[in-house]
1. Within segment A:201-310, which helices (runs of 4 or more DSSP H) (wholly inside it) include 3 or more residues that are within 11 Å of chain B (Cβ to nearest Cβ), modelled with pLDDT of 90 or more and closer than 19 Å to A:ARG104 by Cα?
2. Assigned to a helix (DSSP H, G or I) and at the interface with another protein chain (Cβ under 7 Å from one of its Cβ atoms): does that describe B:SER126?
3. Would you please list the contacts, defined by Cβ atoms under 6 Å and residues six or more apart or on different chains, that run from a residue in segment B:1-23 that is over 21 Å from B:ALA241 (Cα atoms) and facing another protein chain (nearest Cβ under 7 Å) to a residue that is of a type in the set (Gly, Ala, Ser) and assigned to a helix (DSSP H, G or I)?
4. May I ask you to list the residues in segment A:116-144 that are without any contact (Cβ under 8 Å) to a residue 12 or more places away in the chain and more than 16 Å from B:LEU2 (Cα to Cα)?
5. Quick one: would you say B:ALA75 is in a helix (DSSP H, G or I), open to solvent by less than 10 Å² (accessible area, probe 1.4 Å) and at the interface with another protein chain (Cβ under 10 Å from one of its Cβ atoms)?
6. May I ask you to list the residues in segment A:109-140 that are over 27 Å from the mean Cα position of the chain (by Cα) and surrounded by fewer than 17 Cβ atoms within 10 Å (Cβ to Cβ)?
7. Which one is most open to solvent (accessible area, probe 1.4 Å) among residues in segment B:174-198 that are in contact (Cβ under 8 Å) with a residue 24 or more places away in the chain and either in contact with a His (Cβ under 9 Å, 6 or more places away or on another chain) or more than 8 Å from chain A (Cβ to nearest Cβ) (or both)?
8. Among (1) surrounded by 14 or more Cβ atoms within 10 Å (Cβ to Cβ); (2) more than 7 Å from chain A (Cβ to nearest Cβ); (3) within 24 Å of the chain's Cα centre (by Cα), where does B:ARG132 come up short?
Amino acid sequence: MSTSILSRKKPASNIAVRKKPVNWRRVGAWALVTLAVAVTVAPFLWMLRTALSSNASLASNASNLLPADFSLGAFKRVLGMQSPEEAIAEGGSGAAINFWLYLRNSVIFATVTTAGQVFFSAMAAYAFSRLRWPGRNAVFGLFLATMMVPPIFTALPNFLMIKNLGLLNTFAGMTLPFLFMTPFAIFFLRQFFLGMSREVEEAAMLDGAKHLRIFFQIVLPNAAAPLATLALLTFIGQWNEYFWPLLVGQDESVRVLTVGLGVFKSQSPQGAPDWTGLMAATLVAALPVLLLFIAFGKKVVNSIGFSGIK
Amino acid sequence: MLFIFPAMIGFVLFYLVPTIRGFYLSFTEYSILGDPAWIGIKNYTAMLGDELFWNAMWVTVQYVALNIGFQTVIALGLALLMHRVAKSTFIRGALLLPFLVANVIVALLWFWMLDYQIGIVNEIISWMGLPRIAFFGSEQWAIPTVAAVNVWRHMGYTALLIFAGLQSIPNHVYEVASLDGSSPTRTFWSITMPLLRPVLVLVLVVTVIGSFQVFDTVAVTTAGGPINASRVIQMYIYQKAFSESDFGYASALSVILFLILALVAFVQMKFLKGNESDLD
C-alpha cells in the first residue's frame, strides 16, 4: 500500500491535495505514521502510568489507562526516600536499589569514558588526517579492520587482563578499554578533519606554531560540532552499556544503573514482582538520555545517517 | 607521533592483543585458576558433539531470521512513509526514541507489558477473547518475543538509515520514470530498490552482525530459558566463561561466532555488490 504513495512525484501530489477535498492515500499514509509513532511512544507512557500506580491496586486495575490508585511511592522507594516497612506495605520488595550510588557510578563511567575516548580519538584522527608519517594508511587500515571484531570476542581476553591487573570492580578496570579509542570514533572524526581547510593551518605554521598548538587552537575549536555530536552519541552508548560493566563491575561500589536494574529485577520475588518500583527505576534511569535527547534531539537524529557505520 | 600514542595504547592493549589472545585461548583448557594448558583443537572437536552448542546456534539463527526479516520490512516501510509524507524531525525523533534507551530498560519495560498475569498486552489479548500467552515463559514464544522486542527497539534507527539512503536518490530519476509512464509499483521495484541497494546492504550487514550478538535482552528477561529455548550463542559463551569458568571452550565458541560474522559480512558484500551503485 505504501509503495503507491511513495512513488508519486511530490509536486503532483501537492496539486492533487489542493484540488480534491480529501486525498485518501495521504490520509492513509498519515494514519500509518501516526500508528508507528504511537507504537514507539505508548510503551513509555505505560511505564510512567505504572510507575505512578500503587502495587496493591495494580492487579485489579490492570487495564485502566490512568494510574491505578495514584501514588508517588514507587519513585520514593527507588530514590531511597521510603523506609523498608513502608516499601513492603506498598507491595515493594525488601530488595533495595541503591539508586543514588548507581547513578553516581553511571555518571562517572559514562563521563570518563566519553571524555577520554573523544579526546584521544581526536588526537589520533588528527594524526591520521593532517600529519604525514610512514605507514599511516597501513595503521589506519588496521584500526578500521578491528571494527569487524565482535565485542564478545575481545571481552573474554580483556576480562582476563583486567583481572590479572587486579582491576576488577574498580573504575579503572571498567573505563580502560573504552578510554583511549574506538575505531568508529577515529573514523568519524577523521572524515571531518580531512574536510578542513589547510590555509589557516599553514598560516599558523608560518608563524612558527607547533602541532600541539595547531591541534588545540585551530583544529579542536573548528571541529566543535562533530566533536559534540560524537560526544553525545558516545555518552548515550556508554550510559546504556551493559555487558562490560556486568563482567567487571559487579561490586555494589562500582555497579552502574543498567547492571543495578538487572539485579533489582532478579531480586524481586517471582510471585508478585515490584512492578511499580521497577518501572519507576527504569524511568529514572532513562531520564538523563531522555533529557539529552530533548535538548539535542535534532543533532542525534541528523547524525544517524552518518553513524550507520557503527 | 605523540598524537597517535594514546590511541595506540588502547588499540594494542584492548583490541590487538585480546584478538590474538582470544585465538590462542581457544586452543587451551583454561579455568582461570591455573595457567592455560594447550590442548590443540580439542575444544573444537568437543563442539561437534555438544548438543547445547548446536541448540544455541539454531536458536540464534531463528532469532536472526525473525529479527532481520521483520525489522528490514518494517523499517523500509517507515522510511518510505517518512520520505513521502513526514519528514519532520519530531516524527523521526519519536521513532528513534526506543533505540536511545538502554537494552536493559527496553527489556524490563516489555517484560512488564508482556506479563502473563497483568501485563497490558495479555489484558488486551484476553479482552479480545483469545487465550493469554506466556511470552517469555514458553519455549515456543521466547525467541519470537525477544525478536519482537528488539525489532521494536531498532526499527526507527534502521528506518532512519534507509531514509538517509532515499534522500540521496536524485529526483530527476523519478521524473524520467514518470514521463516514461512507469507505474508507481514498477518505479519502486525497478528504480527505488536498485538505487537503494548500497544502503540496504550496509543496513543488512550492520543488523545481521548486531543481532548475532544479542545478549542484553535475553540476559534480563529469560536468561536463556525456559529450558534452553532462548539460550543464544552469546549467552552460551557468557555462561561457559563466567558460570562454568571454562574460558578455553568459551573462547573457541567466540572464534566460531567471529568466523560466522566475517563470513556473513563477506557474502553479503559479494552477493549484493554493496560497493557499487547503479547511479554512476
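1. On the way: elements: A:211-214, A:224-240, A:243-248, A:257-267, A:275-307.
The helices (runs of 4 or more DSSP H) meeting that bar are A:224-240, A:243-248, A:257-267, A:275-307.
2. Values: assigned to a helix (DSSP H, G or I): yes; at the interface with another protein chain (Cβ under 7 Å from one of its Cβ atoms): no.
No: the conditions fail for B:SER126.
3. B:PHE3/A:ALA127; B:ILE4/A:ALA124; B:ILE4/A:ALA127; B:ALA7/A:ALA124
4. At the first step, the residues of segment A:116-144 found to be without any contact (Cβ under 8 Å) to a residue 12 or more places away in the chain are A:119, A:127, A:132-139, A:141-142.
Scanning segment A:116-144 gives A:ASN137, A:ALA138, A:GLY141, A:LEU142.
5. Working: in a helix (DSSP H, G or I): yes; open to solvent by less than 10 Å² (accessible area, probe 1.4 Å): yes; at the interface with another protein chain (Cβ under 10 Å from one of its Cβ atoms): no.
For B:ALA75, the condition - in a helix (DSSP H, G or I), open to solvent by less than 10 Å² (accessible area, probe 1.4 Å) and at the interface with another protein chain (Cβ under 10 Å from one of its Cβ atoms) - is not met.
6. Answer for segment A:109-140, where residues must be over 27 Å from the mean Cα position of the chain (by Cα) and surrounded by fewer than 17 Cβ atoms within 10 Å (Cβ to Cβ): A:LEU131, A:ARG132, A:TRP133, A:PRO134, A:GLY135, A:ARG136, A:ASN137, A:ALA138.
7. Going residue by residue through segment B:174-198, those that are in contact (Cβ under 8 Å) with a residue 24 or more places away in the chain are B:192, B:194-198.
Filter again for either in contact with a His (Cβ under 9 Å, 6 or more places away or on another chain) or more than 8 Å from chain A (Cβ to nearest Cβ) (or both), leaving B:194-198.
On the way: B:PRO194: 39, B:LEU195: 27, B:LEU196: 1, B:ARG197: 62, B:PRO198: 37 Å².
Filtering first and then ranking leaves B:ARG197.
8. Only one criterion is unmet by B:ARG132, namely (3).
The values are calculated or read from the model by the stated rules, or taken from the named source; none is laboratory data. Predicted, not measured: the structure shown is a model, and the values here were computed from it. Cβ coordinates were reconstructed from backbone atoms using ideal geometry, including for glycine residues, and neighbour counts include every protein chain displayed. Accessible surface areas use protein heavy atoms only, side chains included; no ligands, DNA or RNA. Shrake-Rupley method; radii C 1.70, N 1.55, O 1.52, S 1.80 Å.
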